[in-house]
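Enquirer: Just dropping this structure here.
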Amino acid sequence: MTTTPTAPPTTPAPPTTPAPRTRHALALLSALLLSAVAACSAGGQSAPPRLASPAGAPATPAGRGFTLVASGDVLPHDSIIKRASADAEGSGHEFRPMFRSVKPMVSAADLAICHMETVYGEDGGPFTGYPAFQSPPEVADALKDAGYDGCSTASNHTLDDGADGLKRTLDKFDKTGLKHAGSARTAAEAATPTMYTAGSAKVAHLAYTYDTNGYPLPDGQPWAVNLMEEEKIVADARAARKAGADVVLVSLHWGTEWQTEPDGKQLSLGKALTASQTGGRPDIDMILGTHAHIPQAYEKVNGTWIVYGMGDQVAGEMFNYSGARDMRGNYGSIGRFTFAPPAAAGQRWQVTKAEFTPQMMDLSTGRIVHLPAALAKDPDRDDYQEAQDTVSEAVLGRGAARDGLTMAK
């Protein structure tokens with residue numbers, strides 16, 4: 001991570017299930033009532049709706065689709081910690097206000113995934129920012145309040161405080177009611193895919209990181225952090241599918257910091273992972289990228305959406321490799337994808353709608369800004385317009401609009 005002109009940027013060193021959202025339950029009830037009325041008026045008996053199946057394929061009852069929301073790095077630098085302390089008015093740290101503008105979008109999703117890049121310190125501190133982060137555990141309370149269901153926790157900072165920091169973080173997640181993927185306290189936990197229920201789908205979430213900044217895996221705990229290895233990712237995805245996952249999401253902490261274009265490793269690994277299939281069905285249904293600190297492109301590869309980098313959601317002042325203050329380090333995107341059930345059992349769940357929303361961390365207020373909504377209220381904010389344009393240009397830079405990606409308002 002990079003925070004001051006004098007500090008070098010970070011480089012590698014030489015299960016509870018949320019209840020369905022109310023609006024979806026009401027929509028389902030309305031659909032069932034309308035179906036019953038239509039059946040009665042036709043003089044017939046109502047029956048569970050079924051989707052058409054290809055010839056010879058077993059039919060499956062119509063399921064309920066779901067919306068997925070995913071966002072980028074939560075990276076509490078010293079200035080962010082101080083802001084949270086001020087917002088708590090002298091009693092701990094309060095991060096909820098930072099997420100207020102994105103809470104409506106996050107909480108409305110059937111499944112919302114964040115990326116917690118840092119580990120938590122002990123209650124009461126001390127807390128630190130760059131280069132070895134120990135964040136206030138109250139961050140998790142704010143994530144839960146915003147509507148997130150869980151986070152990826154595999155990053156180059158996962159071992160900043162060794163096994164103790166990792167354990168404190170996951171313990172806090174458990175206490176708060178957030179799920180997590182990418183780091184683990186036991187071998188059994190590491191071997192068990194993180195599962196959610198969204199709509200009528202079982203969704204597996206897997207997460208991996210390119211490195212841990214040179215910190216070795218804890219003695220006797222080779223499973224503590226998932227490292228980004230193609231064979232392991234594919235094997236884990238297939239195991240998740242065997243465990244009943246209808247949809248497999250993979251979070252990857254990868255890429256080159258401050259580089260808008262995906263690097264060679266992102267392109268080659270993304271292509272390989274999206275090409276991996278079992279029985280003609282892709283092993284991985286979506287890739288969600290973090291780490292580069294700036295927005296990167298969304299792209300459909302082998303029929304599967306890859307978000308190369310969502311950028312930072314929460315971060316302090318960011319300085320690039322030249323030592324210059326770089327506003328892109330406070331820009332990011334939220335991805336929102338609508339999944340529909342397959343026509344027949346064993347087929348792929350399809351993304352029927354793909355959207356992104358530009359956001360930025362406004363350091364003058366210490367708040368995330370939902371840019372389209374903010375600009376609708378105040379179209380004269382040139383800084384907000386510049387941020388939205390920069391995010392949009394990066395996100396659409398590899399032709400995602402041709403595959404139907406649009407900006408959500």
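Enquirer: For the chain, give me the percentage of DSSP beta bridges that are antiparallel, rounded to the nearest 5 percent.
Expert: So the antiparallel bridges amount to about 55 percent of the total.
Enquirer: Bin width 10 Å, alpha-carbon pairs only: give the P(r) of the stretch 150-206 as whole percents, running from 0 to the bin holding the largest distance.
Expert: 22, 54, 20, 4
Enquirer: Please list 3J(HN,Hα) in residue order for the stretch 328-334, calculated via the Karplus relation 6.51 cos²θ - 1.76 cosθ + 1.60 where θ = phi - 60°; whole Hz, with x for glycine and proline.
Expert: 4, x, 10, 9, x, 10, 10
Enquirer: Might you report the magnitude of the Cβ-based charge dipole of the stretch 93-240 about its Cα centre, with Lys and Arg at +1 and Asp and Glu at -1, to the nearest 20 debye?
Expert: Computed charge dipole of the stretch 93-240: roughly 480 debye.
Enquirer: Hey, what D do you get for the chain in µm²/s if you plug the Kirkwood alpha-carbon radius into Stokes-Einstein at 10 °C and 1.306 mPa s?
Expert: My calculation gives 73 µm²/s for D.
Enquirer: Using a simple charge model, +1 on the beta-carbon of Lys and Arg, -1 on the beta-carbon of Asp and Glu, nothing else, what dipole does the chain show about its Cα centre, in debye to the nearest 20?
Expert: 1800 debye
Enquirer: Out of residues 5 or more away from residue 407 or on other chains, whose amide H comes under 5 Å of its own, with H placed 1.01 Å from N in the peptide plane?
Expert: Result for residue 407 returns 356.
Enquirer: Could you work out the relative contact order of the stretch 60-407, using alpha carbon pairs under 8 angstrom and six or more residues apart, expressed as a whole percent?
Expert: The normalised contact order for the stretch 60-407 reaches 17 percent.
Enquirer: Per DSSP helix of 4 or more residues, -39500 (n - 2.57); summed, then divided by the residues of the chain. What does that give at 222 nm, rounded to the nearest 500?
Expert: So the calculated ellipticity at 222 nm is -8000 deg cm²/dmol.
Enquirer: Going toward the positive end of the dipole of the chain, with +1 on Lys and Arg Cβ and -1 on Asp and Glu Cβ, which of 200, 375, 136 do you reach last?
Expert: Working it through, the farthest residue towards the positive pole turns out to be 200.
We did not get these values from a lab; they are worked out from the coordinates using the rules stated. Since the structure is predicted, the reported quantities are computational estimates derived from the model, not experimental observations. Cβ: placed from backbone, ideal geometry, glycine included. Neighbour counts: every protein chain shown.
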